[in-house]
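Read the figures in this text as sums done on the coordinates, not as results from a lab. Everything numeric in this text was worked out from a predicted model, so none of it was measured. In this analysis, Cβ positions are derived from the backbone assuming ideal geometry, glycine residues included, and neighbour counts consider all displayed protein chains.
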Amino acid sequence: MESELKEMLASLERTGYCQWMKREGVPIVEGFSIEDVRELKLSPWHRMGGSGAFVHLYGMEGQTGMYVAEIPPGGALNPERHLYEEMICILAGNGATEIWQDSGQKRLFEWGPFSLFAPPLNSWHRLVNGGREPVRLMAVTTAPIAMDFYRNAEFIFNCPYTFADRFRGEDDYFATSQNFYAVGMQSIWETNFVPDAKEVKVRDDLYVKGAEVGMVQFESSKNALIGHVADWPSGRYHKAHYHGAGAVIVILKSEGYTLLWPKESGTQPYATGRGDEVVELRWCEGSVLSPPSGWFHQHFNIGKEAARQLALRFGSRLHPIGLHQAAKKKTDGVYISVKDGGTMIEYEDEDVEIRRRFEENLKRVGTPIRMEA
């Protein structure tokens, strides 16, 4: 199955986005996952004014892109604006972002490790390292869609249009909001700035993805590209589910592994003799992965502390796009059993080998199981 995904990536090499990545002159890292994005080797990036690399995972499939950048102590990235959406996560270091429109004043907000924010579409922004240590950040973008359609970087980075419906230079635009509510099976937080994704309080009464799996979804900068945080205790795991392409998962706490397999392998791949089609990805804090579209995936926490993951993806409730809606079976499909037309496998319907292997992994590291029989 991995060979087929590599062929798919190879078929994308002629796209506008892939051609642009090559012209940027920094490394392009491919695969199912990155073990620790904080340790990724970077190279000087002339356009950005720092150093960086692109991450081009199988599950992005031309819908989202990702890069990692580093700002030296006392340095800053070059100002930029662009006609694609972007969600930035600070991985290490402290600093500030200046943001402005052509006709407006600069606004400034500060950030630290695991802060999360989205510069409004086509607004000028400049990231400054305010500390004595390097700042490392990662960003997930919709650049592949923009580059593939326009195929003109000059237009994408130098279009003068101001999207005043998204950002008018408000003083409190990046103040931390307290606007929490629920829609259907999803807990929502409307905020343009998350101070620390590792410490966000999740809603813990909507256990739709598994026993004691708490979640909250961020809606930021009126984007279609949003994010969510999910956590679950030591010795537990998520229910398997699948969805469309483009989601990027960042591990914020604990250690464990993720199983992935194409939905064509069925809900019980080991029992039906297709266990060789299951891919296992080990993870720890700083790992990044992206499940391919239509692949079941299931996250297992074998560490001593509660696991937490950050997922950056399409799926805005406020500003939905047809690309994402068409990839879903129905509203909240990832929370509904495959038996009822959704894309999630209930615990009682999963392959028994999955639980057996989980228990074996827990014994290996000395972590007690917390799953019900």
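The label-point distance for Lys6 and Arg203, in a model that sets each label 7 Å from Cα toward Cβ, rounds to 4.3 nm.
Shown in residue order for segment 7-13 are the 3J(HN,Hα) couplings computed by the Karplus curve 6.51 cos²θ - 1.76 cosθ + 1.60 at θ = phi - 60°: 5, 4, 4, 4, 5, 7, 4 Hz (x for Gly and Pro).
Here the label points at Phe163 and Thr176, each 7 Å from Cα along the C-beta direction, are separated by 2.6 nm in the simple model.
Considering only alpha-carbon pairs that sit under 8 angstrom and 6 or more positions apart, the relative contact order computed for segment 76-198 is 32 percent.
When the pairs Lys201/Lys363; Lys41/Lys198; Lys304/Lys363; Lys6/Lys239; Lys201/Lys239; Lys198/Lys304 are compared against a 19 Å limit on Cα-Cα distance, Lys201/Lys363; Lys41/Lys198; Lys6/Lys239; Lys201/Lys239 fall above it.
Would you mind getting me the FRET efficiency between Arg355 and His319? Use the beta-carbon distance for r and R0 = 35 Å, nearest 0.05. The computed FRET efficiency comes out at 0.35. Listed values for segment 278-286 are Karplus-derived 3J(HN,Hα) couplings in whole Hz (6.51 cos²θ - 1.76 cosθ + 1.60, θ = phi - 60°), namely 8, 9, 10, 10, 7, 9, 8, 4, x, and x replaces Gly and Pro.
Across segment 2-158, Cα pairs under 8 Å and at least six residues apart give a relative contact order of 27 percent.
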